[in-house]
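Below: one structure, written as structure tokens.
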Amino acid sequence: MQNWKTDSKLHSCNRDSNLKKKLDYHKTYVKEFLDSDPLQDWPSFERCKGLWKFCEDNIVEFKKGIRVLDCGTKDGQFPEWLVSQGYDALGIDVSKKYVEYAESKGRPVMYTNVCKMHFYDDIFNVVFSHHILGLTPDYNVALREMFRVISRNGILITLNDCPGNPKKHYHYIRSVDDLRESLNKISMCNILYFDYYKNDKEFLIVLQKDDYEDNCDIRYA
């Protein structure tokens, strides 16, 4: 596993000052929802494994040794499993309590905000998120950051609630069309898969980042 290089000045907010005001949601989400959860291993880990295998069998081939970022990893079980399968994986979470819990288990995790990541551009081959976009203050910002850290021709995998659960989601996705409209604003991705997943209450999106010449910043339509 590599030593991930970070820089606090690299996130998208330093490229667009209008994004900064959207990100102060620690009191509204982390304190009231994440940090109130009991510290434990969660069964969602099995769903993440199943989702990865579904993508591998039906959508895209994952080569051993690729760099994978698990956004909203919580207990860190999924990146730990990815490492055991031969991938170079790292999980991130916005809950310091859960990062400390995962670290106590020896799992590859780091504390950071998916809307304000400090990773260099274009360094992960795959970015994975399981029910995270609806938990962000603005999922357009989260998508922008995810794409920023994905390498050329890299893959974004995201599974989301539809229409979402407003009782615990800070900014929930209203519909598949709502998210599709957001994706249409990004001119740097190809849709590999966009459909309902299993029980029709969730939708799975697999996107590939365009291979473009100038990778210094994100391009928009």
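Read the figures in this text as sums done on the coordinates, not as results from a lab. Not measured: the values here are computed from a predicted model. Every residue, glycine as well, gets a Cβ built from its backbone with ideal geometry; the counts of neighbours run over all protein chains shown.
With a threshold of 25 Å on the Cα-Cα distance, the over-threshold entries among 53/198; 63/97; 96/209; 53/96 are 63/97; 96/209; 53/96.
Only Lys, Arg, Asp and Glu carry charge here, each on its Cβ (+1 for the first two, -1 for the last two); on that basis the stretch 64-209 has a dipole of about 120 debye about its Cα centre.
When you count the other C-beta atoms within 10 angstrom of each residue and take the mean per peptide, 74-85, 54-65 line up highest first as 74-85, 54-65. Between residue 100 and residue 182, the contour length at 0.36 nm per residue exceeds the Cα-Cα span by 26.2 nm. As an exercise, find the ratio Rg/Rh for the stretch 71-165 from alpha-carbon atoms, using the Kirkwood inverse-distance average for Rh. Rg divided by Rh gives 0.95.
With both labels modelled 7 Å from their Cα along Cα-to-Cβ, the residue 111 to residue 44 distance reads 2.0 nm.
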